[in-house]
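The values are calculated or read from the model by the stated rules, or taken from the named source; none is laboratory data. Bear in mind that the values here come from a model prediction, so they are computed numbers and not experimental data. FYI the Cβ positions are ideal-geometry reconstructions off the backbone, even for glycines, and counts take in every protein chain you see.
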Amino acid sequence: MKKFLTLLLTLVLVLSLASCGNTSTTEPTDNSITYLSLDGWDETVKGGINDLFDMYGKNSEGYDPDLKPYAVFDFDNTISILDIEEALAIYQLEHLRFAIEPQEMEEVLLTGIPKDKVQVSLGEDYRSSSNKDLTIATVAKDAAAAYKKLYDAGYIAADNSLESKMEEWLKTDDWKEFSSKMRWMYSAIGDTMDVSVSYPWITYWFTGMTPEQVYALATESHQFNLSEAEAGKWETREFAGPANYDSLAGPLSISYKYPVGISEEMKELISALDDNGFDVWICSASFIDVIKAAAMQPELFGLKGIDGVVAMESKLTDGVYDNVYNYDAHPQTQGLGKSETIEKVIMPKYNGRGPVFTAMDSQGDFNFCSEFKDTAVNLILNRQRSDDAGLLSVAAVYQKEKGIDLASAQESGDTLFLLQGRDENKGILLPQAECINLGKTDALLFSDKAQAWYEMLESGQYKTIGDMINDCVNITGKLAQYDGYKTK
């Protein structure tokens, strides 16, 4: 018996040592679920997203770690509060970080502007202080002339090597003329022309820069703006042109929102998606290096768990950006182009499946947040929109009022729409659907138009949410055509 026990113990010891030497031993896995818990979430939003974690996350039935479910976020005014590329444009103007040769600036500023609109008046809303009709051609010529003076004075550089002169150039009329007319053109083009013109136009300011230079510039801008946000400096500011400057258009003024921030709740959401086994993508209408600088540096900006970015791209010539959109990579990442880019770039990585979660704020996100069959939850950051984003906000409030959760939304074949409010005066999310826009004091749920659409849905004019969304062309008039709710 003693011999038998000795042999048995020897065998156990051998097997134990063999096991210790086996490098392929599976490590214990953490199957806990990370739920949203911060106080800024609307309770319906928090509950809907936590249900998503249960239903699709790493502990759900049928979860495949080799073919993960994935989320797609818009960035500006969705992940961020206010617009991160608009904030960068202000930083770029104030710091005079350009690589455009002065003789090329006017041509760059006219890039993509339809020929029949270059010399045409922009209308009553865009007249000079002397009531003069203005054209893009006139203002571009003024901006280019001021830029040349700044360039000749030794104030222009792609890097931060001239920062010591910043206080000096900010006092000059040349800088006031240049900055006010550049930012004025951005607003005028955005308000009077198609987004296919205005969205790439601002990216052409990076012409002549390397990707590394744009990334470095963006990192500096993001760090500065986030510090301003943390200091609570949320406000509307203005660029004003000099009164007695020799120019074609005369002095122009333009206001802009300031600064930009990222809420703790949004950081929590992205991290929780990652923890729960989801891949996270960003599809943005801002420039690729601008978004990568914010999204792919978790140690700086707190966004942990982002797997990829698709965004606007310019073509490279001899290692520097040209003022030409790179359609070889993908369509413009705005409007329908976001859906098309997801189909071309992201879906092939997931065997043709669409995103299970999407997040948005505006018209440019409507297509990708409503068209995919696989989308279970859509988060809308409320900005009281009067466009198709407002239509999805209506769907969210209707579902909330009817007590529709993720399971019941799926039973009816719908996405669960969730509407999240925030206070732009403080740069925080609010635990409600209503939002307070920058410079306002009242928390409101809908724009007047969206309120009317809600009443149409509530009254039974549309039998289902899908019927209402599919009629968007007639309801809002923002799209000439629409491929259809949950058709991709």
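Write out, first by first residue and then by second, each pair whose Cβ atoms fall under 6 Å of each other, whose residues are 6+ apart or on separate chains, and whose first residue, in segment 152-172, is under 23 Å from THR210 (Cα atoms) while the second is among the aliphatic types (A, V, I, L, M).
Pairs that qualify, where the first residue is under 23 Å from THR210 (Cα atoms) and the partner is among the aliphatic types (A, V, I, L, M), are TYR155/LEU96; ILE156/LEU96; ILE156/LEU150; ALA158/ALA99; ALA158/MET209.
In segment 119-159, how many residues are part of a helix (DSSP H, G or I), at pLDDT below 95 and of a type outside the set (Phe, Trp, Tyr)? Steps first, please.
Kept after step one, since they are part of a helix (DSSP H, G or I), are these residues of segment 119-159: 124-126, 136-152.
Filter again for at pLDDT below 95, leaving 124-126.
Filter once more, keeping what is of a type outside the set (Phe, Trp, Tyr): 124-125.
Counting residues in segment 119-159 that are part of a helix (DSSP H, G or I), at pLDDT below 95 and of a type outside the set (Phe, Trp, Tyr) gives 2.
Could you please tell me which pairs satisfy a Cβ distance under 6 Å, a separation of 6+ or placement on different chains, a first residue in segment 111-131 that is in contact (Cβ under 8 Å) with a residue 12 or more places away in the chain, and a second residue that is of a type in the set (D, E, K, R)?
SER121/ASP133
Just for segment 422-446: of the residues that are farther than 18 Å from CYS369 by Cβ and among the small types (Gly, Ala, Ser), which one is surrounded by the fewest Cβ atoms within 10 Å (Cβ to Cβ)?
Only one residue fits best here, namely GLY439.
Which one is surrounded by the most Cβ atoms within 10 Å (Cβ to Cβ), of the residues in segment 332-379 that are part of a loop (DSSP other than H, G, I, E, B) and hydroxyl-bearing (Ser, Thr, Tyr)? Spell out how you get there, then give the answer.
Keep residues of segment 332-379 that are part of a loop (DSSP other than H, G, I, E, B), which gives 332-335, 351-356, 361-362, 371-376.
Checking which are hydroxyl-bearing (Ser, Thr, Tyr) leaves us with 333, 362, 375.
On the way: THR333: 30, SER362: 20, THR375: 23.
Among those residues, the one meeting the criterion is THR333.
For every residue, the table says whether it meets (1) in contact with a Lys or Arg (Cβ under 9 Å, 6 or more places away or on another chain); (2) of a type in the set (Val, Ile, Thr); (3) part of a strand (DSSP E or B).
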{"site": "GLU61", "(1), (2), (3)": "no, no, no"}
{"site": "ASP64", "(1), (2), (3)": "no, no, no"}
{"site": "LYS68", "(1), (2), (3)": "yes, no, no"}
{"site": "THR78", "(1), (2), (3)": "no, yes, no"}
{"site": "ALA89", "(1), (2), (3)": "yes, no, no"}
{"site": "GLN92", "(1), (2), (3)": "no, no, no"}
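Condition first: among the hydroxyl-bearing types (Ser, Thr, Tyr) and over 15 Å from GLU401 (Cα atoms). Now tell me which residues in segment 440-463 satisfy that. Write out each step before concluding.
Start the filter on segment 440-463 by keeping residues that are among the hydroxyl-bearing types (Ser, Thr, Tyr), which leaves 441, 447, 454, 459, 462.
Hits for segment 440-463 are THR441, SER447, TYR462.
In segment 394-408, which residues are closer than 15 Å to TYR485 by Cβ and surrounded by 21 or more Cβ atoms within 10 Å (Cβ to Cβ)? First the steps, then the outcome.
At the first step, the residues of segment 394-408 found to be closer than 15 Å to TYR485 by Cβ are 394-396, 398-399.
Result: VAL394, ALA395, ALA396, GLN399.
For residues that are among the hydrophobic types (A, V, I, L, M, F, W, C) and in contact with a Gly (Cβ under 8 Å, 6 or more places away or on another chain), scanning just segment 192-226, find the one that is farthest from ILE81 (Cα to Cα).
Applying the filter and picking the extreme gives VAL197.
Could you count how many residues in segment 306-328 are out of contact with any His (no Cβ under 8 Å at 6 or more places or on another chain) and either at pLDDT below 95 or in a strand (DSSP E or B) (or both)? Can you show your working first?
Pass one, segment 306-328, residues out of contact with any His (no Cβ under 8 Å at 6 or more places or on another chain): 306-309, 311-312, 314-328.
Then drop every residue that is not either at pLDDT below 95 or in a strand (DSSP E or B) (or both), which leaves 308-309, 311-312, 314-317, 320-325.
Final tally of qualifying residues: 14.
Restricting attention to segment 383-403, does a residue exist that is over 22 Å from the mean Cα position of the chain (by Cα), under 25 Å from TYR56 (Cα atoms) and not in a helix (DSSP H, G or I)?
The first filter runs over segment 383-403 and keeps only residues over 22 Å from the mean Cα position of the chain (by Cα), leaving 397-403.
Now narrow it down to the ones that are under 25 Å from TYR56 (Cα atoms): 397-403.
Next, from what is left, pick out any that are not in a helix (DSSP H, G or I): 402-403.
Yes; the residues of segment 383-403 include at least one that is over 22 Å from the mean Cα position of the chain (by Cα), under 25 Å from TYR56 (Cα atoms) and not in a helix (DSSP H, G or I).
Which residue, of ASP374, ASP387, ASP361, ASP423, is charged (D, E, K, R), closer than 23 Å to SER459 by Cα and either modelled with pLDDT of 95 or more or out of contact with any Phe, Trp or Tyr (no Cβ under 6 Å at 6 or more places or on another chain) (or both)? Give the steps one after another, and end with the answer.
Details: ASP374 fails: closer than 23 Å to SER459 by Cα; ASP361 fails: closer than 23 Å to SER459 by Cα; ASP423 fails: closer than 23 Å to SER459 by Cα.
Sole residue among the options that is charged (D, E, K, R), closer than 23 Å to SER459 by Cα and either modelled with pLDDT of 95 or more or out of contact with any Phe, Trp or Tyr (no Cβ under 6 Å at 6 or more places or on another chain) (or both): ASP387.
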